[in-house]
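Please read the structure below before turning to the comments.
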Amino acid sequence: MRIDVITIFPELVVGFAGHSLLGRAVAGGEVDLRVHDLRDATTDAHRTVDDAPFGGGAGMVLRPEPVLATVEAVDPPRPVVALGPGGRTFDQATARRLAGSDGFTLLCGRYEGIDQRVLDHVVDEELSIGDYVLAGGEVAALVVVEAVTRLLPGVMGNLASAEEESFGDGLLEYPHYPRPAEFRGWEVPEVLRSGDHGRIGRWRRAQSLRRTIDRRPDLIEDRGGLTAADRQLLVEFGLDGPAD
Ligand code: SAM
């Protein structure tokens, strides 16, 4: 998969991408990550990428010329995705969609944002990582890159863990407990030490349901509510009380 990132801070992206799973995926060739410095496409001595907006107002805006010049020079993979708080909220379904593609491009804004003509004519979609405002798109781009690349075949050791984890089937994940079995008087639930894998699987599913009911009732609604089997599982483990 090829992923291009267009930014005025390439070192932020390259630095992060050198570590952990993503670093290994880049080194191993599963991910062809190409980071482009927007300033390389400028023509003035000061390598200017921004200008004041027409109509006035606080702050500067990324100009269209360096973005267009970069896109035309490197012919990056589509879709071209701009990061911005006004975009559709990035979620696991979007991560899965992008992971199923051959590649995509992330355009990082700065200052007050990106020239609207670029968003209208060059960008295919806009993604936000949440309802808050960052200083630039780089951290948001890295969120997208990390969430997508860990879903690629061969990047995570155990693909089953991607299917079982939060949002895999519209639920939050169940809790995990490593050794020791007892730590400062806090015990690992007995069922996990029972060796009864059928019961462990049912308990985990019940915990996922309970956690999602309490923390993300919207996800339960998206699934069309609880099934009879879900209710039965909650009763089996005494988790069928009202939501928190
Ligand atoms: N003036 C813009 C507004 O009010 O919507 C905010 C611009 S922000 C200071 C600068 C850049 O940071 C944006 O162009 C975008 O690339 C990035 N950014 C900020 N918040 C973001 C978010 N929640 N998700 C994705 N990108 C974000």
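Mind checking which residues of region 60-93 are closer than 18 Å to Arg117 by Cβ and of a type in the set (Gly, Ala, Ser)? Ala69, Ala82, Gly84, Gly86, Gly87 - these are the residues of region 60-93 that are closer than 18 Å to Arg117 by Cβ and of a type in the set (Gly, Ala, Ser).
If the condition is being polar (S, T, N, Q), without any contact (Cβ under 8 Å) to a residue 12 or more places away in the chain and not in a loop (DSSP other than H, G, I, E, B), then region 201-244 contributes only Gln232.
Just one of Ser101, Ser128, Ser161, Ser166 is modelled with pLDDT of 95 or more, out of contact with any strand residue (DSSP E or B) (no Cβ under 9 Å at 6 or more places or on another chain) and hydroxyl-bearing (Ser, Thr, Tyr); which is it?
After ruling out the rest, the residue left standing is Ser101.
To keep it simple, each residue is scored yes or no on (1) in the same structural domain as Val31 (by TED's automatic domain parsing); (2) more than 16 Å from the ligand (Cβ to nearest atom); (3) in contact with a helix residue (DSSP H, G or I) (Cβ under 9 Å, 6 or more places away or on another chain).
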{"position": "Val122", "(1), (2), (3)": "yes, no, yes"}
{"position": "Val148", "(1), (2), (3)": "yes, no, yes"}
{"position": "Leu151", "(1), (2), (3)": "yes, yes, yes"}
{"position": "Arg193", "(1), (2), (3)": "no, yes, no"}
{"position": "Asp214", "(1), (2), (3)": "no, yes, no"}
{"position": "Asp222", "(1), (2), (3)": "no, yes, no"}
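A Cβ distance below 7 Å, combined with a sequence gap of six or more or placement on separate chains, defines the contacts here; from region 67-84, residues that are closer than 13 Å to Asp37 by Cα and outside the structural domain of Leu127 (by TED's automatic domain parsing) reach no residue that is in a loop (DSSP other than H, G, I, E, B) and within 15 Å of the ligand (Cβ to nearest atom). State whether the residues of region 113-123 include one that is closer than 25 Å to Leu68 by Cβ and within 15 Å of the chain's Cα centre (by Cα). So far as region 113-123 goes, no, none of its residues is closer than 25 Å to Leu68 by Cβ and within 15 Å of the chain's Cα centre (by Cα). For region 111-142, a residue qualifies if it is crowded, with 19+ Cβ neighbours inside 10 Å and in a helix (DSSP H, G or I), and the qualifying residues are Val118, Leu119, Glu138, Ala140, Ala141, Leu142. Considering only residues in region 88-110 that are within 9 Å of the ligand (Cβ to nearest atom) and crowded, with 18+ Cβ neighbours inside 10 Å, the one that is farthest from Glu164 (Cα to Cα) turns out to be Arg110.
The values are calculated or read from the model by the stated rules, or taken from the named source; none is laboratory data. Being a predicted model, the structure only gives us computed values, none of them experimental. Glycine gets a Cβ as well: all are built from the backbone with ideal geometry, and neighbour counts include every protein chain shown.
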